[in-house]
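Worksheet for the structure shown next.
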Amino acid sequence: MADFDAIVIGGGLVGTAVAYGIARLGKRPVLLDEGDIAHRASRGNFGLVWVQSKGFGVPEYQRWTRRSSDTWTEFSQELLEETGIGTGHERPGGVTICLSEEELDKRRRLMEQLHIEAGETNFDYEILTHAELKKMLPAIGPDVVGASYTRYDGHANPLYTMRALHAALLKHGGTYVPNARVESIQAAPNHFVINAGGRSFAAPRLVLGAGLGNKALGEMVGLNVPVRPVRGQIIVTERLQPVLPMPTLMMRQTVEGTIMIGESREESGFDDTTSPEIIHTLAQRAVKSFPFLRNVRIVRTWGALRVMAPDGLPIYEQSSEFPGAFVCTCHSGVTLAASHARYYAQYVMDGALPAELARFSTKRFDVQAAA
Amino acid sequence: MFKLLPDSPSERITVHVDGQAVSVPPGFTAAAAMLLHGTGSTRTTPVTGEPRAPYCMMGVCFECLLQIDGEPNQQGCLVTVAEGMRIERQLGKRKVDE
């Protein structure tokens, strides 16, 4: 049996970020990755490092997201220095485009509320008119009424980020085990033995970072993780000369020139295919926002499954039944990667989650539904 | 480097390869016209600017991207030549008209 300081289950962005963070502390993590049979949200996501509009009514989420976004530049730089792999991260600010006065009014109210809820964290934002936005994004079309802007938003390439995290994990002495579907967990407080892929692994800490797989894994260590899939669909265009100097909520241009379009949310179970209706709707809104797209070629579309809690928030918890077992799950694996690597990994090794994460505890699911 | 097969039809049409008027058999593809009359690479890649040329000639590899009659990023191996067609190299990322 191989002994480690921590076992992390899940080889996507969340699990790998935490495993890398643990290795970076000089500890010895092992990262167990199921394989391509897993749902692989990290292979299908959009790549925004997004702050604006997150955490309405939950200032703790706004702050946690901001903290990660504020850490991302340094996090990305460190990965580049350690691995030579650039994540493509940029933080030029971002906008949410509104195509009607009604949308813009709604947006204005949302941003005002977020500003109030931010309190002393401060939340700077602007509501831009068509003319003001046109100066920042000259390619917008006449149907664009305005937009909200914050300087906290940015984007990165999720695949390069994951590659860099994997490389950095190995560089710091971490162990990666592919094709390691978890078969059983023997749990005792601060002592976990896991059988996966025909091998045994033991460690005093366990982190569940397996996305939709956390639901079943959680039950094995006394953690209630009621995540469900929410599908998103994405359109990818041919590569273009730079035309979008900053990301919008539904569109970003990668450093390679590709434009990605996506903003859909559907309850589709575990079906991760695409549908013509959604792609049509996405394309229509994209062309209305940026008419030049009318003549741009689509080279790919895909669907992927977000990992969603009933209230849309991350789930961070240590098992009270089996202390030492933690769950780390969210639908923003890119945005929160910096926080998971820098902070969550530290909390796991310290053996306690701080008060700032109490809002994300599984206890919030224990409230009984009114009859 | 490339030559027509000896049994090629004798009929010819005129197309413009990077501005030069050349003659090719009808039924030729734009990529084949480039190979016959172009000078080495037919495009540069959008990210690193590496020179490339048609490869699979059957619509799979996307190495033959060309600008055809002003339309960028066309798969040259899937476009049949027409009289007067303007075929140009695709240099890096395509431009967009804002």
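FYI, it's all coordinate maths here, none of it is from the lab. Owing to the predicted nature of the structure, the values given are computational and were not obtained by experimental measurement. Virtual Cβ from ideal backbone geometry, glycine too; neighbours counted across all protein chains shown.
Just to confirm a number: summing +1 for Lys and Arg and -1 for Asp and Glu over residues other than A:Arg364 whose beta-carbon lies under 12 angstrom from that of A:Arg364, what do you get?
That works out to -2.
Measuring from label point to label point, each 7 Å out along Cα→Cβ, what is the A:Ser320 to A:Glu103 span in nm?
4.5 nm
Working from Cα positions, state the angle (0 to 90°, nearest 10) between the long axis of helix A:101-118 and the longest principal axis of chain A.
That works out to roughly 40 degrees.
How much net charge surrounds A:Glu78 when only other residues with a Cβ under 12 Å from its Cβ are counted (Lys, Arg +1; Asp, Glu -1)?
Summing Lys/Arg as +1 and Asp/Glu as -1 gives 0.
In degrees from 0 to 90, rounded to the nearest 10, what is the angle of the helix A:59-83 Cα long axis to the longest principal axis of chain A?
Between helix and principal axis, roughly 80 degrees.
For segment A:174-280, run through the GluC sites (Glu not before Pro) and keep only the ones in DSSP coil with at most 10 other Cβ atoms within 10 Å of their Cβ.
Of the GluC sites (Glu not before Pro), the ones in loops of segment A:174-280 whose Cβ has at most 10 other Cβ atoms within 10 Å are A:Glu267.
Over the protein assembly as shown, how many pairs of lysines fall under 29 Å by alpha carbon, counting only those 8 or more apart in sequence or from different chains?
Lysine pair count for the protein assembly as shown: 20.
Would you grab the residues whose amide H sits under 5 Å from the one on A:Leu128? Only those 5+ places off in sequence or on another chain, please, with H modelled 1.01 Å from N.
Long-range HN contacts for A:Leu128: A:Ala147, A:Ser148, A:Tyr149.
Could you tally the net charge around A:Val58, taking each other residue with its Cβ under 15 Å from the Cβ of A:Val58, Lys/Arg +1 and Asp/Glu -1?
Here the count lands on +3.
Across segment A:132-146, in residue order, what do the Karplus-derived ³J(HN,Hα) couplings come to in whole Hz, using 6.51 cos²θ - 1.76 cosθ + 1.60 with θ = phi - 60° and x for Gly and Pro?
Karplus values, whole Hz, x for Gly and Pro: 5, 5, 4, 5, 8, 10, x, 7, 5, x, x, 7, 7, 8, x.
Taking Rh as the Kirkwood radius computed over C-alpha pairs, what is the Stokes-Einstein D of segment B:13-90 at 10 °C in a medium of viscosity 1.306 mPa s, expressed in µm² per second?
132 µm²/s
According to a simple spin-label model (label point 7 Å from Cα along Cα-to-Cβ), what is the distance in nm between A:Ala358 and A:Thr281?
About 3.9 nm, to one decimal.
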